[in-house]
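No value in this document is a laboratory result; all are computed from the given coordinates. Since the structure is predicted, the reported quantities are computational estimates derived from the model, not experimental observations. Here Cβ is always computed from backbone atoms with ideal geometry, including for glycine, and neighbour counts include all displayed protein chains.
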């Protein structure tokens with residue numbers, strides 16, 4: 001928190017706290033309650049945990065509310081507020097603070113005085129001033145006290161009506177108006193202002209950090225048609241405070257204090273890049289939480305339901321499962337017939353989700369069986385946040401760059417796998433086709449990747465997913481029967497074409513990734529996919545039943561790797 005002038009004395013670290021850098025930021029929420037769990041300190045604690053911090057809370061007001069609205073508010077004596085603050089600060093080193101509902105001028109002044117005398121590295125203020133109904137929640141004296149608090153915090157996250165009150169203007173109707181108000185407020189107070197697009201109109205409901213020097217950093221996110229928006233302001237601000245703490249931890253790890261020295265986080269200063277990265281993480285996390293909120297079925301439906309704070313954690317938990325993939329365990333179909341590869345019907349377990357019709361049709365019954373069996377994975381790919389955002393053009397550039405960086409590394413080994421498969425093909429046509437594919441993987445596609453990545457930072461190596469996928473392909477093309485290697489290679493052709501066809505249908509002249517989408521919408525690539533299907537169909541025809549089963553399993557495993565490859569940018573952490 002920025003110190004008042006003259007500079008307030010620095011408080012010594014809590015005597016019972018071990019010196020050094022913590023594993024996660026210790027984040028304190030100072031706010032009111034929500035017994036229904038969607039907003040207030042309840043939402044803050046969930047958000048802090050989901051965002052990688054250790055959550056603590058000091059209660060300013062006890063609020064009887066639910067998804068339909070506020071019923072009653074009880075404010076404990078200020079002495080109890082101070083006692084709560086003392087209980088935390090006397091025992092715990094606080095790395096970041098999120099301030100939410102304060103309620104009245106006396107409470108605001110109490111919190112301001114406390115934090116001035118007990119400075120912490122990061123303070124984020126969510127100015128709770130305007131109800132969703134549009135009603136003012138603070139008296140004029142309290143509004144002014146909150147304005148006086150703004151210069152002392154690091155980041156403020158008002159909604160559009162609250163930004164207008166702080167600036168003593170009418171609410172902005174466009175992003176340009178909101179940006180102007182935020183820029184004036186940031187310049188006047190020295191505090192970074194987050195402009196939240198949720199209250200504006202348009203397809204982009206993203207958030208923008210407006211810095212005191214007039215620069216800004218925008219994080220795009222598509223607007224969702226959802227009633228699950230209760231507590232989104234609380235959740236974003238507490239997540240942002242946590243991720244700013246994470247950014248400071250990254251700095252502190254390179255400057256670990258000596259034993260007995262003060263908290264290393266306090267020695268570092270947030271940069272605009274730190275704030276941008278933190279805002280990216282929190283915006284994406286909240287978007288996923290809003291999208292999943294309806295699945296909670298919390299609330300009567302007459303109000304605004306809560307977001308699902310744990311949606312990202314459950315997605316990553318599923319992605320991290322070490323349990324063998326279902327298709328590698330199945331030995332019989334749903335009717336008890338042995339999956340022995342004697343016919344297309346006895347090749348693979350049926351998919352619980354229909355695959356639908358492929359753009360590039362199967363070359364025969366064997367490849368038709370492969371497509372049908374991969375229906376669930378195919379639908380999961382289409383539902384991935386990466387694919388959805390890439391299609392509608394809201395995908396952030398850093399995620400796209402991460403993907404292309406990994407794709408460029410993938411293509412190098414994919415080319416080697418194709419060359420190996422070409423050498424093992426049993427027909428001249430197969431040798432020529434796979435060899436041509438090996439050339440194209442380097443010559444044509446890498447040219448686009450290198451063009452995009454030429455002036456952008458590279459990771460310098462493959463991710464675990466990229467390395468796992470390419471090692472799988474190289475091992476199966478070199479060490480397994482030809483039909484197994486050909487089946488393993490196929491999803492990179494077929495699923496890319498199918499995903500590309502979906503994305504190409506959303507392409508337009510102003511699309512930020514138009515060049516990449518057009519690459520996979522052309523007839524030439526579709527023809528390559530058709531030739532690959534013909535080669536795999538022939539390989540299945542001449543293979544033994546046991547080889548077919550092994551090849552079918554390899555195909556589905558490669559489909560799963562394709563899904564993981566598309567999804568990995570949304571799992572990457574700095």
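At a glance:
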{"quantity": "Cα-based shape type of segment 333-449, given that a ≥ b ≥ c are square roots of the gyration tensor eigenvalues and the cut on a/c is 1.5", "calculated": "oblate"}
{"quantity": "Ranked packing of 168-179, 303-314, 139-150, most packed first, by mean Cβ within 10 Å", "calculated": "303-314, 139-150, 168-179"}
{"quantity": "Angle between the chain longest axis and helix 545-567 axis [Cα atoms, degrees, rounded to 10]", "calculated": "30 degrees"}
{"quantity": "Between 0 and 90°, nearest 10: helix 140-149 axis offset from the chain longest Cα axis", "calculated": "60 degrees"}
{"quantity": "Equivalent ellipsoid dimensions for segment 327-570 as semi-axes, Å, which come from the Cα gyration tensor, largest first", "calculated": "29, 20, 16"}
{"quantity": "Theoretical ellipticity at 222 nm over the chain - DSSP helices of four or more residues, -39500 (n - 2.57) apiece, nearest 500", "calculated": "-16500 deg cm²/dmol"}
{"quantity": "Contact order relative to length of the chain, as percent, for alpha carbon pairs under 8 angstrom and 6 or more apart", "calculated": "12 percent"}
{"quantity": "Segment 327-570: relative contact order in percent, alpha carbon pairs under 8 Å with at least 6 residues between", "calculated": "30 percent"}
{"quantity": "Sites residue 253 and residue 523 - FRET efficiency at Förster radius 45 Å, r taken between beta-carbons, to 0.05", "calculated": "0.30"}
{"quantity": "Along each principal axis, Cα extent of segment 22-165, largest first, Å", "calculated": "41, 31, 29"}
{"quantity": "Segment 184-252: Cα Rg divided by the 2.2 N^0.38 Å rule of thumb", "calculated": "1.26"}
{"quantity": "Alpha-carbon centroids, segment 552-566 and segment 169-230: separation in whole Å", "calculated": "40 Å"}
{"quantity": "Whole-angstrom gap from segment 302-364 to segment 102-129, using each part's C-alpha centre", "calculated": "50 Å"}
{"quantity": "Whole-Å semi-axes of the ellipsoid equivalent to segment 31-106 (Cα gyration tensor, √5λ, descending)", "calculated": "21, 18, 8"}
{"quantity": "Over 37 Å [Cα-Cα, the chain], rounded percent", "calculated": "42 percent"}
{"quantity": "Whether segment 125-253 is rounded, prolate or oblate, judged on the alpha carbon gyration tensor where a/c under 1.5 counts as rounded", "calculated": "rounded"}
{"quantity": "Degrees separating the helix 105-117 axis from the principal Cα axis of the chain, which is the longest one", "calculated": "80 degrees"}
{"quantity": "Segment 436-574, relative contact order in percent, only Cα pairs under 8 angstrom and at least six apart counted", "calculated": "34 percent"}
{"quantity": "Whether segment 406-542 is rounded, prolate or oblate, judged on the alpha carbon gyration tensor where a/c under 1.5 counts as rounded", "calculated": "oblate"}
